[in-house]
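The values are calculated or read from the model by the stated rules, or taken from the named source; none is laboratory data. Keep in mind it's a predicted model, so treat the numbers as computed, not measured. Note: ideal-geometry Cβ built from the backbone for every residue, glycine included; neighbour counts use all protein chains shown.
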Amino acid sequence: MMKSLLNPADSQSYINRINCINPANKPLWGKMSVDQMLAHCNAGLEMALSTEPQKRVLIGYIFGPIAKKQLFNDTPFKKDLPTAKNLLKTGHYNFEEEKSKLLNLVAQYTRGGEAGITRHPHSFFGKLSTAQWDNLMTKHLEHHLQQFGL
C-alpha cells in the first residue's frame, strides 16, 4: 500500500528518517550532495503548499501529460530522472537549516491535510488533484531518502 505524507503515522516515519540524515551521507546515485537534496525536497514541498501559482514550463505542456501517466501510480521513481529547473539546487546550502526546514515542511504538510495542498497547477505536470499532489510529494521524498541510504 502506498504511503502518504497526509497520514500522520507515515509522516512520522519520514520525520524519523529525516532525523537520521547527517552531513556525511553520500548519494547512492545521482549528483546531488546531501544539502542540495534537502534544499531540493524543500522546494518541492514549498510548491505543494504554495498559495502562489507556479510558472508553467513550456516542455511541461508538451510532455507533462505523458509523464503524469507514468509517475502517478504506486511504483517508485526511477533513478536519475530529470529535474525541473525551478527545483534544481546546485549551490551549497546550510545543512542544519535545510534539514530543519524539511522537518517543518513535512509536519506542516501533514497538519494542513488536503486543505493545505495548493490548488495551483504544477510547473511541469499542470493541474493535479490533491491525491496526485500527495502521491508526487510522498514518492519524491521517498526517492531522495533512498538515494541517501535512508
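This table checks each residue for (1) farther than 17 Å from residue 117 by Cα; (2) hydroxyl-bearing (Ser, Thr, Tyr); (3) in contact (Cβ under 8 Å) with a residue 40 or more places away in the chain.
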| position | (1), (2), (3) |
| --- | --- |
| 30 | yes, no, yes |
| 41 | no, no, yes |
| 46 | no, no, yes |
| 50 | no, yes, yes |
| 56 | yes, no, yes |
| 60 | yes, no, yes |
| 69 | yes, no, no |
| 72 | no, no, yes |
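One line per residue, one yes/no per condition, for (1) under 14 Å from the mean Cα position of the chain (by Cα); (2) crowded, with 16+ Cβ neighbours inside 10 Å; (3) modelled with pLDDT under 95:
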position	(1), (2), (3)
12	no, no, no
18	yes, yes, no
50	yes, no, yes
54	no, yes, yes
71	yes, yes, yes
75	no, no, yes
83	yes, yes, yes
100	no, no, no
110	yes, yes, no
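Would you point out the residue of the range 131-150, among those that are among the polar types (S, T, N, Q) and modelled with pLDDT under 95, that is nearest to residue 63 (Cα to Cα)? Lay out the reasoning, then the answer.
Just the residues of the range 131-150 that are among the polar types (S, T, N, Q), to begin with: 132, 135, 138, 146-147.
Keeping just the survivors that are modelled with pLDDT under 95 gives 132, 135.
On the way: 132: 17, 135: 19 Å.
Out of the qualifying residues, it is 132.
Taking the condition in contact (Cβ under 8 Å) with a residue 24 or more places away in the chain, under 13 Å from residue 50 (Cα atoms) and either part of a helix (DSSP H, G or I) or basic (Lys, Arg) (or both), does residue 136 pass? Lay out the reasoning, then the answer.
Values: in contact (Cβ under 8 Å) with a residue 24 or more places away in the chain: yes; under 13 Å from residue 50 (Cα atoms): no; either part of a helix (DSSP H, G or I) or basic (Lys, Arg) (or both): yes.
Criteria not met by residue 136.
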Problem set entry | Members of the range 86-98 that are more than 14 Å from the chain's Cα centre (by Cα) and loosely packed, with under 14 Cβ neighbours inside 10 Å | 90, 91, 92, 94, 96, 97
Exercise. Restricted to the range 20-42, and to residues that are aliphatic (A, V, I, L, M) and surrounded by fewer than 16 Cβ atoms within 10 Å (Cβ to Cβ), which residue is farthest from residue 99 (Cα to Cα)?
Worked result: 28
Seminar exercise, completed: Within the range 112-133, of all residues that are in contact (Cβ under 8 Å) with a residue 24 or more places away in the chain and closer than 21 Å to residue 9 by Cα, the one surrounded by the most Cβ atoms within 10 Å (Cβ to Cβ) is 133
Exercise. Which of the following residues is out of contact with any Ser or Thr (no Cβ under 7 Å at 6 or more places or on another chain), in a helix (DSSP H, G or I) and over 22 Å from residue 123 (Cα atoms): 18, 66?
Worked result: 18
Seminar exercise, completed: Residues in the range 31-63 that are within 26 Å of residue 108 (Cβ to Cβ) and assigned to a helix (DSSP H, G or I) total 17
